[in-house]
Every structure is written in structure tokens, then in C-alpha cells.
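Heads up: the structure comes next, in C-alpha cells.
A short reminder: the numbers here are calculations on the coordinates, not readings from a lab. Keep in mind the model is a prediction, meaning the values are calculated, not measured. Here the Cβ positions follow ideal geometry from the backbone for every residue, glycine too, while neighbour counts run over all protein chains shown.
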Amino acid sequence: MTEPDTIAWARYATPPQNHAPGSDSEAKSTTSSSSSSRIEFKELGTPIPPHALIQTALSIQEEDDRDTTLFVVTGRSRRLAAENHREEAKEIMEVYGSVNTEVRKTIGDVAAAVAVAGCVAGLVVVQATEY
């Protein structure tokens, strides 16, 4: 993550300081008191982010019988991008269907893959205005 990403993530997704060592604070899924106890942030560390994101979203929807709305927030950048997800997005679109090239250019490969998989209720795409 870039420094602005890291700062934003720390602000909204850092667990409260009163967690004991060895508790769920070591997990990548946290609930933040600064954002509300109703929001769960999940960070996925994986070499195949779009596939992992879709699988995680589908499993949450299948397992969660609560009244839950799933939102995915993803970045969208071509310049200075550390990774290129074009090939992985193409693989996903071969399974679920595809979108117009202009849609992929507009929302990015990861968001397009998530959108065609239809696994989330909300999709937010962010992009920095300056690099």
C-alpha cells in the first residue's frame, strides 16, 4: 500500500488499543471503534487479489445469515501501479462473463472482475487525484 493508503487504513481499520496480546487483534479482520462496531474491515494478503476477493465475498454471503451488506473498496490506478491484474481479470471474466473494455478502463480490472462476479452489494472504487 502507498503511504496515503496506509494512513487511511490505520485510521479506519485499526483495532481498539484495549485488545490483549494474542486476541483477535492479530487477525486480518478487525472491527474498529473509530468507524463503529457495526463495520468489519478485512485485509487479504494474497498473490491473486481478485480471485481471493471474490472467494471471500462469496463465502461471507453464504455463511452470514445476519442482515449484512457487503461493500468492497478497491483502488483504481494504471500509473505507478505495483501490480497489474489484467490477466487475472480476464480469467475471471471467462468464468462469469465480461464487460465492455471501456468499463474496465473506467473502474479498473479488479472492480470489473468483482462486478461481473456479482458477489457484492456495493462496490466503491477510489483513485488518487495526484501521484
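Structure above, values below:
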{"quantity": "From phi via Karplus (6.51, -1.76, 1.60), per-residue ³J(HN,Hα) for the stretch 94-106 in Hz, x at Gly/Pro", "calculated": "5, 7, 9, x, 10, 10, 4, 4, 5, 5, 4, 5, 6"}
{"quantity": "Extension gain (nm, one decimal) between Glu94 and Ala10, 0.36 nm per residue minus Cα-Cα", "calculated": "26.7 nm"}
{"quantity": "Interchain or long-range residues, amide H under 5 Å from Val126's placed H", "calculated": "Thr74, Gly75, Arg76"}
{"quantity": "Sorted by Cβ neighbour density within 10 Å, fewest at the top, the residues Arg76, Arg38", "calculated": "Arg38, Arg76"}
{"quantity": "Cα-Cα separations in the stretch 46-131 greater than 19 Å, expressed as whole percent", "calculated": "37 percent"}
{"quantity": "Amide hydrogen neighbours beyond the local backbone of Ile39, cut-off 5 Å, H modeled", "calculated": "Ser32"}
